[in-house]
1. All but one of (1) open to solvent by 20 Å² or more (accessible area, probe 1.4 Å); (2) not in a helix (DSSP H, G or I); (3) not aliphatic (A, V, I, L, M) hold for HIS101; which doesn't?
2. Inside the range 41-75, can you point out the residues that are open to solvent by 40 Å² or more (accessible area, probe 1.4 Å), farther than 19 Å from LEU133 by Cα, in a loop (DSSP other than H, G, I, E, B) and modelled with pLDDT of 85 or more?
3. Given the structure, is GLU130 open to solvent by 30 Å² or more (accessible area, probe 1.4 Å), touching a residue at least 60 places away in the same chain (Cβ under 8 Å) and either charged (D, E, K, R) or in contact with a Leu (Cβ under 8 Å, 6 or more places away or on another chain) (or both)?
4. Any residue in the range 14-35 that is among the basic types (Lys, Arg) sitting within a Cβ distance under 9 Å of a residue that is assigned to a strand (DSSP E or B)? List the pairs, counting only those 6 or more apart or interchain.
5. When the residues of the range 139-161 are filtered to those that are farther than 19 Å from LEU86 by Cα and surrounded by 10 or more Cβ atoms within 10 Å (Cβ to Cβ), which remaining residue is modelled with the lowest pLDDT?
6. Any chance you could count how many residues in the range 76-98 are part of a helix (DSSP H, G or I) and among the small types (Gly, Ala, Ser)?
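The values are calculated or read from the model by the stated rules, or taken from the named source; none is laboratory data. Computed from a prediction, not measured in an experiment: that's the story for all the values here. All Cβ positions, even for glycine, are placed from backbone atoms using ideal geometry, and neighbour counts span all protein chains on display. Accessible surface is based on the protein model in full, side chains and every heavy atom, while ligands, DNA and RNA are left aside. Shrake-Rupley method; radii C 1.70, N 1.55, O 1.52, S 1.80 Å.
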Amino acid sequence: GIITALKAVSALLNQGKSLEYRIIGDGPEKERYLQFVRTHGLQNVVRFLGACPHSSIATHLRQSDLFIASNRTSHKGDQDAPINTLKEAMATGLPVVATRHGGIPELVEDGVSGYLIPEGDSRALQERIEWLLDHTELWGRLAELGRRRVEQEYDLEQWNDVLVQRYLEVLGRQSKWSIRDKHAKSYNRDSAA
């Protein structure tokens, strides 16, 4: 979905908006993105940072104003779960704009903890970013609600407690089954004698 974001950035620049778009990561589509940037004269606005260590990603998130997750379904039909980078951005306190894709709507509640747009809709992305740039007074509220959403739904300690509880439940059932199995075996042995 990077091309969707690049198209939105290009349209925003054509409207006179001042911004910088940073892309973290690397992959086989990079040359295609670079070609789009050159063709549309975005070299001074789009920065390709490549693969970065986690500590560097956290720094880039803290230096950003908005986070865009323009994910799309692959040509094979593959989709993402609620993506970790989006969780990290929300936990950092960034307002987010993401696509209605895969598990993302489980994380981003449209208009509450961020904004959702249709997959591949660069015009919708451009309009939502533009709206956010014109309404910076809402960033704090979005950031707070996004962070709260991540804390409530993806807190590691909370999930560890749930996991331990599930293990205890399964072990409790196995113990009961084991006891039943022993009784059944001894019953069968007794009746066979």
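1. Against the list (1) open to solvent by 20 Å² or more (accessible area, probe 1.4 Å); (2) not in a helix (DSSP H, G or I); (3) not aliphatic (A, V, I, L, M), HIS101 comes up short only on (1).
2. GLY41, GLN43, ASN44, ALA51, PRO53, listed by residue number.
3. Details: open to solvent by 30 Å² or more (accessible area, probe 1.4 Å): yes; touching a residue at least 60 places away in the same chain (Cβ under 8 Å): yes; either charged (D, E, K, R) or in contact with a Leu (Cβ under 8 Å, 6 or more places away or on another chain) (or both): yes.
Considered against the rule, which asks whether it is open to solvent by 30 Å² or more (accessible area, probe 1.4 Å), touching a residue at least 60 places away in the same chain (Cβ under 8 Å) and either charged (D, E, K, R) or in contact with a Leu (Cβ under 8 Å, 6 or more places away or on another chain) (or both), GLU130 comes out as yes.
4. ARG22/VAL46; ARG22/ARG47; ARG22/PHE48; ARG22/LEU49; LYS30/ILE23; LYS30/PHE48; LYS30/GLY50
5. Pass one, the range 139-161, residues farther than 19 Å from LEU86 by Cα: 157-158, 160-161.
Imposing the further condition that a residue be surrounded by 10 or more Cβ atoms within 10 Å (Cβ to Cβ) reduces the set to 158, 160-161.
On the way: GLN158: 72, ASN160: 75, ASP161: 76.
Only one residue fits best here, namely GLN158.
6. The initial filter retains those residues of the range 76-98 that are part of a helix (DSSP H, G or I), namely 84-92.
Those still in the list that are among the small types (Gly, Ala, Ser) too: 89, 91.
Matching residues across the range 76-98 total 2.
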